[in-house]
Amino acid sequence: MLYRGIQYDIKVGISRNEWIWLIHTPKPRQGVVIGSRNRAIFYAEKAINAWCARNPKECEVRPTAA
């Protein structure tokens, strides 16, 4: 999956309702979420937003809402 020009993955964990997110930045980050897949996507994109705030030149600009 791609968000703000950063590749990320959502994978099924080993426990019930467990998801693992992984963002592919120069220093990769990952986390575990219990709940829905959409919740894991939310947290992966939140981590990408935080990384982009620290590294704005390395992220694609999101279009603004009209």
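Every number here is computed from the coordinates shown, using simple stated rules; none is lab data. The shown structure was predicted, so the numbers you read here are calculated from the model rather than taken from an experiment. Every residue, glycine among them, receives a Cβ derived from its backbone with ideal geometry; neighbour counts consider all protein chains shown.
Summary of computed values
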item: Members of the range 3-15 that are within 11 Å of residue 33 (Cα to Cα) and over 15 Å from the mean Cα position of the chain (by Cα); result: 13, 15
item: All positions within the range 42-58 that are among the polar types (S, T, N, Q) and more than 10 Å from the chain's Cα centre (by Cα); result: 55
item: The range 1-15: number of residues that are assigned to a strand (DSSP E or B) and free of Cβ contacts under 8 Å to residues at least 40 places away in the same chain; result: 6
item: Scan of the range 11-21 for residues that are of a type outside the set (D, E, K, R) and farther than 16 Å from residue 49 by Cβ, ordered by number; result: 12, 13, 14, 15, 17, 19, 20
item: Residue in the range 16-25 that is without any contact (Cβ under 8 Å) to a residue 40 or more places away in the chain, in a strand (DSSP E or B), out of contact with any helix residue (DSSP H, G or I) (no Cβ under 8 Å at 6 or more places or on another chain) and not small (Gly, Ala, Ser) present; result: yes
